[in-house]
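Contents: one structure, followed by commentary.
The values are calculated or read from the model by the stated rules, or taken from the named source; none is laboratory data. Everything quoted here is computed from the prediction, not taken from an experiment. Positions of Cβ are backbone-derived with ideal geometry, glycine not excepted, and every protein chain shown enters the neighbour counts.
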């Protein structure tokens, strides 16, 4: 064995130069964070695009649901007026307050699409600020089957004295409504 192959005696070791650290050994963590961040941005963009595509459909569905709820409100009001007339010698009520026994809650007088009026908590607090549907049946009777009782100002639906609801008629064909002796009627030809 040569002197170069023999290890130096203990305690006589010389200090060696520190090992050189490659610059790439600290980078994998940063690269992983960058990749994860990029993937997150792509996913966020996909979610934003999907939300953008769904929001108009959701708005349309909400509008349709409000129209259906409005129609249901008008049907309930029409039934209440018909019941009142059958109990009061065929005469229609003068206003909505006369129907408190036939209408369960004053919320029926508020169109679901109406943002200007607020819901009345009970019949005692009911006022003009809580009513979407102006009552047009005062002074009428149930023989006037084509008389208009309500026109929804939001959806344009019309409640006729026979209890039927014509959807969005007031918006599409205002010519179908006629004024006679201070009352509004559905014209016999429906405005055609």
> Taking the condition assigned to a loop (DSSP other than H, G, I, E, B) and within 27 Å of residue 62 (Cβ to Cβ), does residue 129 pass?
Replying inline: no
> Within segment 95-104, how many residues turn out to be touching a residue at least 24 places away in the same chain (Cβ under 8 Å) and crowded, with 18+ Cβ neighbours inside 10 Å?
Replying inline: 2
>> Report every pair of residues separated by at least 6 positions or lying on different chains whose Cβ atoms are under 7 Å apart, first residue within segment 106-117 and at positive phi and free of Cβ contacts under 8 Å to residues at least 24 places away in the same chain, second assigned to a loop (DSSP other than H, G, I, E, B) and crowded, with 18+ Cβ neighbours inside 10 Å.
In response: none
> What is the number of the single condition among (1) surrounded by 10 or more Cβ atoms within 10 Å (Cβ to Cβ); (2) out of contact with any strand residue (DSSP E or B) (no Cβ under 8 Å at 6 or more places or on another chain); (3) assigned to a helix (DSSP H, G or I) that residue 118 does not meet?
Replying inline: (3)
>> I'd like to know if segment 72-83 contains one or more residues that are touching a residue at least 12 places away in the same chain (Cβ under 8 Å), more than 30 Å from the chain's Cα centre (by Cα) and outside any strand (DSSP E or B).
In response: yes
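Per-residue answers, yes or no, for (1) out of contact with any helix residue (DSSP H, G or I) (no Cβ under 9 Å at 6 or more places or on another chain); (2) surrounded by 12 or more Cβ atoms within 10 Å (Cβ to Cβ); (3) modelled with pLDDT under 90:
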residue: 57; (1), (2), (3): yes, no, yes
residue: 65; (1), (2), (3): yes, yes, no
residue: 70; (1), (2), (3): yes, yes, no
residue: 93; (1), (2), (3): no, yes, no
residue: 107; (1), (2), (3): no, yes, no
residue: 113; (1), (2), (3): no, yes, no
residue: 135; (1), (2), (3): no, yes, no
> Which of the residues belonging to segment 139-152 are in a loop (DSSP other than H, G, I, E, B) and at pLDDT below 90?
Replying inline: 139, 140, 142, 143, 144, 145, 146
> For segment 127-161, how many residues are within 24 Å of the chain's Cα centre (by Cα) and either under 19 Å from residue 80 (Cα atoms) or in contact (Cβ under 8 Å) with a residue 60 or more places away in the chain (or both)?
Replying inline: 13
